[in-house]
Amino acid sequence: MRDIAMAFRQFLKSPGYAVTVVLTLALGIGANTAIFTLVHSVLMKSLPVADPKTLYRVGDLDDCCVNGGFENDNGDFDLYSWDLYKRLQETTPEFEQMAAMQSGGNMMTVRRGSEPAKSVRTQYVSGNFFTTFGIRPYLGRVLRDEDDTAGAAPAVVMSYQAWQSDYGADPSVVGSTFYMQGQPMILVGVAPPGFFGDRVRSNPPSIWVPLASEPVIEGTNSILHVAESNWLYIIGRAKPGATLGGVADKMSGRLRDWLQTQPGYTRNGGASIIPKQHVVIVPGGAGIQNLQQETGKGLYLLMTISGLVLLVACANVANLLLARGATKRAEISVRMALGAARGRLIRQMLTESVLLACIGGLAGLVVAYAGTKTILSLAFPDAPQLPISASPSLPVLGFAFGLSLLTGIIFGMVPAWITSHSDPAEALRGVSRTTRDTTSLPQRSLIVFQAALSLVMLMSAGLLTKSLRNMEHQDFGLQTENRYVLHLDPAGAGYKPETLPALYQQLEQQFGALPGVKSVGLALYSTLEGNNWGEGVFVDGRPAPGVNSHNGASWDRVNPQFFETVGQPVVRGRGITEQDTATTQKVAVVNQAFVKKFFPNEDPLGKHFGIFDQKYSSSFEIVGVVADAKYNNPRSEVRAMYFRPLTQQMTGVTEANAQMAEGRSLYINSVTLRFERVPTNLDAMVRRTLQGINPNLTVIDFHSLDYQVAGNFTQERLISRLTMLFGVLALILASVGLYGITSYQVARRTSEIGLRMALGANRSSVVKMVLRGALLQAGIGLAIGVPVVLIAARWMTDQLYKVRSWDPVSLMTAVGVLLLSATLAGFVPARRAANIEPMQALRTE
């Protein structure tokens with residue numbers, strides 16, 4: 001306690017020093033704590049469920065959302081049909097519960113009584129979903145097995161967050177009838193606070209619906225009993241004492257037995273690869289790891305970079321302590337001459353450094369909270385119910401305390417050790433008369449260390465910034481300027497396939513009549529919205545492709561104005577026209593990548609192809625070719641893609657999965673508006689127009705196409721900006737450190753500089769001498785940093801887009817910025833040294 005009291009007295013004597021140290025550490029510790037908050041919430045935290053250690057997932061990859069047939073080349077099954085889930089559930093006694101949940105999620109139109117309809121995210125789950133996770137209701141009850149049977153009373157459960165935000169925590173909602181996609185469902189309960197489902201994601205469901213209700217809600221487009229459509233994740237809870245060592249092999253055998261009974265898996269040579277199909281069982285206590293797989297590498301990268309910032313901050317504070325220790329050398333020498341033990345002095349100085357670090361850690365929590373909220377708002381701009389809190393949890397508080405303690409010891413140990421080794425005899429002869437300075441080498445070494453780390457972060461920031469620029473400014477093959485995208489749900493408003501043509505005509509006419517609108521494009525899904533439909537292609541006149549032939553292609557349904565609206569030109573033949581009706585020849589417009597993949601040395605116009613099976617290979621006639629454009633993943637090459645009219649549907653299809661896909665594809669989800677000039681009250685105008693067409697048509701979202709495209713790079717943009725921020729922060733800290741040590745060295749060499757000038761040295765030579773020392777330290781740091789940078793850049797390769805890890809422009813820019821900062825940091829003390837008056841300097845002693 002005496003050491004702590006003395007430390008506070010020392011801080012009061014030098015408040016500027018104390019505040020500088022605390023602020024420096026607050027930035028370093030706060031940055032690390034903010035990133036750790038995200039790492040803990042996303043990558044390290046278990047679901048808020050009972051006994052998460054006994055939960056296991058059957059599957060290990062993210063294959064959202066609906067797959068048909070075999071899922072990947074290595075035979076790993078991660079998604080399951082309802083039929084396959086029931087088979088595995090019935091034949092795996094090692095699990096006391098095995099729940100299934102929709103891999104994606106639905107936006108449904110939901111209305112309570114006479115209230116206005118709203119678009120709500122929902123998820124289909126098995127009846128034992130809540131009991132598998134050990135979740136009890138907050139109000140009412142949770143779903144039960146009997147709710148998930150055909151003919152059962154329709155029951156749903158609402159999330160606590162949705163109950164609070166959408167219904168003001170009104171308890172009367174329990175027992176109310178909600179119309180979901182026009183079908184009455186009874187809300188039987190509200191889930192407890194904090195439960196957000198089976199995984200961490202930016203848009204957790206507001207309502208959970210039993211799987212048995214899916215045919216009721218989806219009607220003829222139901223997927224539940226389509227055996228070849230895989231769309232469910234599986235999580236099971238192991239029985240007490242059960243060992244799961246051989247369960248994966250047993251389940252893999254049952255999987256293969258089931259596949260042998262399904263014609264969709266055995267045709268076209270599929271039977272030959274059934275033996276390699278298998279399942280993987282992994283711990284499921286953290287839920288389905290989709291978000292973790294998407295963000296893990298980026299979060300660890302940020303954690304590494306923020307750690308480097310903290311090291312730079314520690315080096316700066318260590319330099320401050322060394323300089324402070326040098327000024328207190330006389331005091332230390334006197335204390336040692338009077339009998340103070342070296343261990344006692346080291347303990348006192350370490351107490352000061354740890355205390356400063358803990359105060360910096362407390363201030364860092366404020367920085368961390370503000371930083372986490374900022375990061376979350378940037379990373380998930382449209383996620384009001386994000387299940388990640390910026391408030392520090394106990395593990396985060398423990399991390400911040402441990403980091404503060406470790407930081408205080410690291411940056412305080414060496415200065416304390418050096419300062420405590422002062423010679424007591426110096427107190428007797430006058431410490432200022434000595435020419436020995438034991439702190440000089442450690443201080444210079446710390447500056448070299450800071451320069452090397454700063455170069456690593458500046459180079460990383462340069463690479464990531466260049467990668468982001470390449471992604472954002474690539475040629476998407478589309479025009480985004482003055483385009484806006486409206487997402488809606490015709491099925492939720494009660495439209496049937498036979499009423500859709502009239503709706504689409506209304507949408508084209510009424511939105512086309514808005515001020516400034518040049519064209520209106522309707523589509524099953526719009527470009528780069530995160531959606532994709534794909535099927536295997538079967539070319540007429542060719543043998544049926546084998547299971548490993550990679551004959552897949554993406555596809556979309558569009559209206560005649562769509563290509564004009566998005567600026568995707570027709571390069572050969574024609575586009576889709578009004579003459580392509582339900583009774584005319586079924587047509588398709590393909591992109592250039594489709595031609596390159598399926599007709600590399602042929603004229604594609606007039607050729608026929610089909611989907612689902614070789615017997616449908618003459619279904620579509622190719623009437624045109626459009627330029628390549630990116631609709632799916634902006635980071636990969638353009639996929640082979642074909643476009644079909646909204647007005648045409650395949651006939652004579654007998655397979656259940658084909659009928660389901662055809663039926664669902666008739667319903668658009670996007671309206672793209674192309675403006676000559678954008679009105680000021682556009683949002684209200686669009687909503688009013690949609691309400692005028694049908695009050696039950698709800699706006700899922702409405703954004704510019706630029707905004708929608710930019711949403712694909714949210715994570716990259718966040719990482720790039722934070723890396724740049726951390727790089728600039730490290731550069732500033734390194735520059736301040738170089739300035740401080742150069743100023744300190746100038747002050748220590750005042751007599752020497754005065755003597756040099758008295759003997760004839762001019763001011764420019766003094767400036768060069770001081771600058772040479774500063775740049776030498778920066779240069780050594782660069783020499784050490786360049787190899788480290790090249791190694792670090794190779795580790796970042798999978799985070800870069802069309803940027804070489806050894807990009808010379810980024811490296812030279814980082815070197816140039818660091819040298820410029822070192823020059824500026826050294827020039828001010830150099831000018832001060834050059835202005836020293838020789839006679840005044842000689843009287844310094």
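Radius of gyration over Kirkwood radius for the range 538-629, both on Cα atoms: the Rg/Rh ratio is 0.96. Here, the chain yields an orientationally averaged convex hull projection of 44.1 nm² when only Cα atoms define the hull.
A viscosity of 1.002 mPa s and a temperature of 20 °C, combined with the Kirkwood radius over C-alpha pairs in the Stokes-Einstein formula, give the range 604-690 a diffusion coefficient of 129 µm²/s. Here the spin labels are modelled as points 7 Å beyond Cα on the Cα-Cβ line, and at Ser764 and Ala271 they lie 9.3 nm apart. The stretch between Gln164 and Ser618, if pulled fully straight at 0.36 nm per residue, gains 158.0 nm over its current Cα-Cα span. Relative to its Kirkwood radius, the Cα radius of gyration of the range 698-834 gives an Rg/Rh of 1.22. Taking N as the residue count of the range 488-601, its C-alpha radius of gyration divided by 2.2 N^0.38 Å amounts to 1.25.
Here the simple spin-label model places points 7 Å from the Cα toward Cβ, and for Trp417 and Lys596 these points are separated by 6.0 nm. Taking each residue as 0.36 nm, the span from Leu820 to Phe401 lengthens on full extension beyond its C-alpha to C-alpha distance by 147.2 nm. Using the Karplus relation 6.51 cos²θ - 1.76 cosθ + 1.60 with θ = phi - 60°, the per-residue 3J(HN,Hα) values for the range 703-717 come to 9, 5, 5, 4, 5, 5, 5, 5, x, 6, 10, 4, 5, 4, 5 Hz, with x marking Gly and Pro. Set the Förster distance to 60 Å, then compute FRET efficiency between Asn548 and Leu394 from the Cβ-Cβ distance, nearest 0.05. For R0 = 60 Å, the calculated efficiency reads 0.75. Residues whose amide H lies under 5 Å from that of Leu139, counting only those 5 or more places away or on a different chain, are Val190; hydrogens are built 1.01 Å from N in the peptide plane. Based on the inverse mean of 1/r over its pairs of different Cα atoms, what is the Kirkwood hydrodynamic radius of the range 103-212, in Å? About 13.8 Å, per the Kirkwood formula over Cα pairs. Mean projected area of the convex hull spanned by the Cα atoms of the range 223-345, taken over all viewing directions: 16.5 nm². Overall, the accessible surface of the chain at a probe of 1.4 angstrom is composed of carbon and sulfur to the extent of 58 percent. The slack in the chain from Arg721 to Val19, taken as 0.36 nm per residue of separation less the alpha-carbon distance, amounts to 250.0 nm.
A straight Cα-to-Cα reach below 23 Å connects Lys373 with the lysines Lys45, Lys297, residues fewer than 8 places away in its own chain not being considered. Diagonalising the gyration tensor over the Cα atoms of the range 494-541 and scaling each eigenvalue by 5 before taking the square root yields semi-axes of 28, 17, 12 Å, largest first.
Placing dummy labels 7 Å off each Cα toward the beta-carbon, the span from Ser46 to Glu637 is 4.6 nm. Converting phi to 3J(HN,Hα) with the Karplus coefficients 6.51, -1.76 and 1.60 and the offset θ = phi - 60°, the range 641-653 yields 8, 10, 10, 10, x, 5, 8, 10, 9, 5, 10, x, 7 Hz in sequence order, with x at every glycine or proline. Both radii come from the Cα set of the range 742-816: Rg as radius of gyration, Rh as Kirkwood radius; their ratio Rg/Rh reads 1.27. Here the mean projected area of the convex hull built on the C-alpha positions of the range 259-417 is 16.2 nm².
Across all C-alpha atoms in the range 575-720, the radius of gyration and Dmax reach 18.9, 53 Å. Ligands, DNA and RNA are left out, and with a 1.4 angstrom probe the accessible area of the range 445-584 is 39 Å² per residue. Can you compute the helix-only [θ] at 222 nm over the chain? Use -39500 (n - 2.57) per DSSP H run of at least 4 residues, normalise by all residues, nearest 500 deg cm²/dmol. It lands at -15500 deg cm²/dmol.
Here the range 1-107 is treated as an ellipsoid with the same Cα gyration tensor; its semi-axes, largest first and in whole Å, are 55, 18, 11.
The mean sequence distance of close C-alpha pairs (under 8 Å, at least 6 residues apart), as a share of the length of the range 1-126, puts its relative contact order at 14 percent. Can you tell me, using C-alpha contacts under 8 Å and at least 6 residues apart, the relative contact order of the chain as a whole percent? Dividing the mean separation by the residue count of the chain yields 16 percent.
The values are calculated or read from the model by the stated rules, or taken from the named source; none is laboratory data. If you're wondering where the values come from, they're calculated on a predicted model, not measured in any experiment. All Cβ positions, glycine included, derive from the backbone under ideal geometry; neighbour counts span all protein chains shown. Surface accessibility is based on the protein's heavy atoms, side chains included, excluding ligands, DNA and RNA. Shrake-Rupley method; radii C 1.70, N 1.55, O 1.52, S 1.80 Å.
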